[in-house]
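Data first, discussion second: the structure below is written as structure tokens.
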Amino acid sequence: MEKLRKLNHGEVIFFEVKEIPSDAKKIVVTNDYYVVGESETHGNDHRIKYVEDQVELMMTEDDKRFISTIGTEVYCPNQTRHDVMKLPAGMWGVGHGVEYDYFSETLRRIQD
């Protein structure tokens, strides 16, 4: 059985997938980056370096995001928070870490 890779950049999780769902639609990117993880503090977003012929970003109707790449970088504008990470060639799903709030008895998405 082939083991699929999983990589973390802070609370953002990239998990290798064998295929991207057929209902996923291309995300139009107008910058040289795409934010995959919002930040609670200014300048600490988690971003994918976007180069048109190297990265394709897609999203399903239920907001699941996927990346197909020949290789790119994941980084934060504030590089004192997280190192630049290489995202290897492949197809990747994008997820986020969660934590349990005992007071409200709910799961919430982690943001740093």
**Request:** Could you tell me which numbered condition GLN111 fails, if it satisfies all but one of (1) exposed (fewer than 13 other Cβ atoms within 10 Å of the Cβ); (2) at pLDDT below 85?
**Result:** (1)
**Message:** Regarding the stretch 56-69, can at least one residue be identified that is farther than 15 Å from VAL94 by Cα and free of Cβ contacts under 8 Å to residues at least 24 places away in the same chain?
**Reply:** no
**Request:** Report yes if some residue within the stretch 45-63 is touching a Lys or Arg at 6+ places or on another chain (Cβ under 6 Å) and of a type outside the set (A, V, I, L, M); otherwise report no.
**Result:** no
**Request:** Can you tell me which residue among ASN44, ASN78 is surrounded by 13 or more Cβ atoms within 10 Å (Cβ to Cβ), polar (S, T, N, Q) and in contact (Cβ under 8 Å) with a residue 40 or more places away in the chain?
**Result:** ASN44
**Asked** Among the residues of the stretch 67-77, is any aromatic (Phe, Trp, Tyr) and not in a strand (DSSP E or B)?
**Response** no
**Asked** Only one of (1) outside any loop (DSSP other than H, G, I, E, B); (2) at pLDDT 95 or above; (3) of a type in the set (Val, Ile, Thr) is not met by ILE20, so which one is it?
**Response** (1)
**Fill in**
Picked from the stretch 47-56 (must be in contact with a Ser or Thr (Cβ under 7 Å, 6 or more places away or on another chain) and in a strand (DSSP E or B)), the residue surrounded by the most Cβ atoms within 10 Å (Cβ to Cβ) is ILE48
**Message:** For the stretch 17-33: of the residues being under 15 Å from VAL55 (Cα atoms) and of a type in the set (Ser, Thr, Tyr), which is surrounded by the fewest Cβ atoms within 10 Å (Cβ to Cβ)?
**Reply:** THR30
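One line per residue, one yes/no per condition, for (1) closer than 29 Å to GLU2 by Cα; (2) modelled with pLDDT of 95 or more; (3) among the aliphatic types (A, V, I, L, M); (4) not in a loop (DSSP other than H, G, I, E, B):
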position	(1), (2), (3), (4)
THR30	no, no, no, no
VAL35	no, no, yes, yes
GLU40	no, no, no, no
GLY43	no, no, no, no
MET58	yes, yes, yes, yes
ASP63	yes, no, no, no
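The values are calculated or read from the model by the stated rules, or taken from the named source; none is laboratory data. The structure presented is a predicted model; accordingly, all values stated were derived computationally and were not measured. Note that we place each Cβ from the backbone using ideal geometry, even for glycine, and neighbour counts take in every protein chain shown.
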